[in-house]
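The values are calculated or read from the model by the stated rules, or taken from the named source; none is laboratory data. A quick note: this is a predicted structure, and the numbers were derived from the prediction, not measured. No Cβ is skipped: glycine too gets one built from the backbone with ideal geometry, and neighbour counts run over all protein chains shown. Heavy atoms of the whole protein, side chains included, go into the accessibility calculation; ligands, DNA and RNA do not. Shrake-Rupley method; radii C 1.70, N 1.55, O 1.52, S 1.80 Å.
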Amino acid sequence: MTAFHRADILLPKLNDEQMTKWAVVACDQYTGEPEYWREVEGIVGENPSALRLILPEAFLGDNDEGRIKQVNANMRGYIARDMFTEYKNSFILTKRTQADGRLRAGLVGAIDLEMYDYNKGSRSQVRATEATVAARIPPRVKIRMNAPLELPHIMILIDDPENTVIEPLLSKKLQRVYNFELMQNGGHLEGFLVDGKDAESVEHSLEALAQRLAKQENCPSENALVYAMGDGNHSLASAKETYERKKREGSPDAELARYALVEIVNLHSPALEFEAIHRVIFDIDFDKMYKEMTEKLGLINGENCETGQVFELLVNGKSEKLGIAKPNSNLTVGSVQSFLDEFLAKNGGTIDYIHGEDTVKKLCERENAVGILLPSMKKSELFPTVIKDGALPRKTFSMGHAHDKRFYCEARRISV
């Protein structure tokens, strides 16, 4: 039994040039850059676009109720105008050529939300990889509760080092259903219909993968970690909450709401890279922090650290390589974050999460700023860490740059 299934997938009846204006990047990107979304607005103009069917988080707090009503009205309007072709009981194979030229293959289908639990310690087939922030769920639920359509930016990872599920499809002759350039440095996107015997082959491969993983974990396949969240965890959590509400209310939409359209990607894709997210702490007593950190984590010279958990500490223009002799997590970032959470809660101060080392170094030139440069998590560490620790600390890793995130393209009906 596997949680990923075929779906009735909708694609807009647009040519390749029009598709460039249809597809827009995930709503949780460029949240601090509303000018990016204004540029998208200029590119789209009056053309049909997924932009009209989402609420970019850069604008959350700006007439949310009105925007949500307009999104739902736009969805109903597109349906009434017969804008979509429906591909019944199918998958869509995606070939995303990123801005760096590398190809990332994926497969769009439906995740069974009955087999997804985002709570830490979950033993479901589909699990969150980072802690889910409950406060981020309600705005998304408001959109989904009355929406006739869903458009996914969710990317879920499978641990398939032998390339048995998605990669065999790349050599097959499949019907191409779209082929276009993505806007704003997004690269290129092709989609291919996967149905009939090809879809059956995918299902058999997923079943076999689930059995292999269950054997490694020594558990039933329904309790093995088969699908780990990559991007869009809060969107999937919102889909789960919406489904549970509709199920409790006996809604006629409950069966449709039970599933969420997602894209699965092989963790071992060469185009997929994990990048570290570093920490900068402001307005704290550094000497006190250093003393308590040394006691709690057993800080030693990084060159002599046998645990392999090593990071670089930056303060007052100086750096020090330190090792953690008493780790409390499977990852360096986990040990560091657990300490910082406790220290900041007791002593005050603020923390920022930074992607680039150069930015961290620049920020740490300021007085009373402390930087922590963390190692990138290896892809091979993801599944074992989620299995062992339950979920990763927040802001553990980033999967590529914002313009490489998933763009909205496919859709699915979620109400009758």
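Some values worked out for this structure:
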{"item": "Residue list for segment 167-198, filter: open to solvent by 90 Å² or more (accessible area, probe 1.4 Å) and either out of contact with any Asp or Glu (no Cβ under 7 Å at 6 or more places or on another chain) or part of a helix (DSSP H, G or I) (or both)", "result": "SER171, LYS173, GLN175, GLU181, ASN185, LYS197"}
{"item": "SER201, sole failed condition from (1) of a type in the set (Gly, Ala, Ser); (2) open to solvent by less than 20 Å² (accessible area, probe 1.4 Å); (3) at pLDDT 95 or above", "result": "(2)"}
{"item": "Flag if VAL141 is surrounded by 15 or more Cβ atoms within 10 Å (Cβ to Cβ), under 30 Å from ASP62 (Cβ atoms) and not basic (Lys, Arg)", "result": "yes"}
{"item": "Contacts under 6 angstrom Cβ, first residue in segment 330-343 being over 14 Å from HIS278 (Cβ atoms), partner of a type in the set (Lys, Arg) and assigned to a helix (DSSP H, G or I), 6 or more apart", "result": "ASN330/LYS388; PHE339/LYS296"}
{"item": "Any hit, segment 228-243, residues being surrounded by fewer than 23 Cβ atoms within 10 Å (Cβ to Cβ), farther than 16 Å from HIS153 by Cα and at pLDDT below 95", "result": "yes"}
{"item": "Residue pairs meeting the criteria (Cβ under 8 Å; at least 6 apart or on separate chains; first closer than 14 Å to TRP22 by Cβ and touching a residue at least 40 places away in the same chain (Cβ under 8 Å), in segment 34-52; second of a type in the set (S, T, N, Q) and open to solvent by 60 Å² or more (accessible area, probe 1.4 Å))", "result": "none"}
{"item": "Filter result for the condition that a residue is open to solvent by 40 Å² or more (accessible area, probe 1.4 Å) and either in contact with a helix residue (DSSP H, G or I) (Cβ under 7 Å, 6 or more places away or on another chain) or assigned to a loop (DSSP other than H, G, I, E, B) (or both), over SER376, SER380", "result": "SER376"}
{"item": "Cβ pairs under 6 Å, 6+ apart, first in segment 154-172 and under 19 Å from GLN125 (Cβ atoms), second among the acidic types (Asp, Glu)", "result": "MET155/ASP231; MET155/GLU263"}
{"item": "Candidates THR132, THR164 - the one that is within 15 Å of the chain's Cα centre (by Cα), open to solvent by 10 Å² or more (accessible area, probe 1.4 Å), within 30 Å of GLN216 (Cβ to Cβ) and not aromatic (Phe, Trp, Tyr)", "result": "THR132"}
{"item": "Yes/no for ILE156 being modelled with pLDDT under 95 and either out of contact with any Gly (no Cβ under 8 Å at 6 or more places or on another chain) or not in a loop (DSSP other than H, G, I, E, B) (or both)", "result": "no"}
{"item": "Conditions (1) touching a residue at least 24 places away in the same chain (Cβ under 8 Å); (2) within 31 Å of the chain's Cα centre (by Cα); (3) farther than 30 Å from ALA99 by Cβ; number of the one not met by THR307", "result": "(1)"}
{"item": "Breaking point among (1) touching a residue at least 60 places away in the same chain (Cβ under 8 Å); (2) open to solvent by 60 Å² or more (accessible area, probe 1.4 Å); (3) part of a helix (DSSP H, G or I), for ARG248", "result": "(1)"}
{"item": "Residue match in segment 251-262 (condition: touching a Phe, Trp or Tyr at 6+ places or on another chain (Cβ under 6 Å), within 26 Å of THR385 (Cα to Cα) and in a helix (DSSP H, G or I))", "result": "no"}
{"item": "Sole exception among (1) touching a Phe, Trp or Tyr at 6+ places or on another chain (Cβ under 8 Å); (2) part of a loop (DSSP other than H, G, I, E, B) for LYS120, by number", "result": "(1)"}
{"item": "Qualifying positions in segment 22-41 - modelled with pLDDT of 95 or more, more than 22 Å from SER238 (Cβ to Cβ) and either open to solvent by 60 Å² or more (accessible area, probe 1.4 Å) or outside any helix (DSSP H, G or I) (or both)", "result": "ARG38, GLU39, GLU41"}
{"item": "Number of positions in segment 99-119 that are hydrophobic (A, V, I, L, M, F, W, C), within 19 Å of ILE166 (Cα to Cα) and open to solvent by 20 Å² or more (accessible area, probe 1.4 Å)", "result": "1"}
{"item": "Count of segment 44-98 residues which are in a loop (DSSP other than H, G, I, E, B), at negative phi and open to solvent by 50 Å² or more (accessible area, probe 1.4 Å)", "result": "5"}
{"item": "The listed residue being among the basic types (Lys, Arg), surrounded by 16 or more Cβ atoms within 10 Å (Cβ to Cβ) and in contact with a Leu (Cβ under 8 Å, 6 or more places away or on another chain), out of LYS296, LYS361, LYS326", "result": "LYS361"}
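Conditions tested, residue by residue: (1) in contact with a Phe, Trp or Tyr (Cβ under 6 Å, 6 or more places away or on another chain); (2) of a type in the set (A, V, I, L, M, F, W, C); (3) assigned to a loop (DSSP other than H, G, I, E, B).
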{"residue": "LEU209", "(1), (2), (3)": "no, yes, no"}
{"residue": "ALA237", "(1), (2), (3)": "yes, yes, no"}
{"residue": "HIS268", "(1), (2), (3)": "no, no, yes"}
{"residue": "ALA271", "(1), (2), (3)": "no, yes, yes"}
{"residue": "ARG279", "(1), (2), (3)": "no, no, no"}
{"residue": "ASP287", "(1), (2), (3)": "no, no, no"}
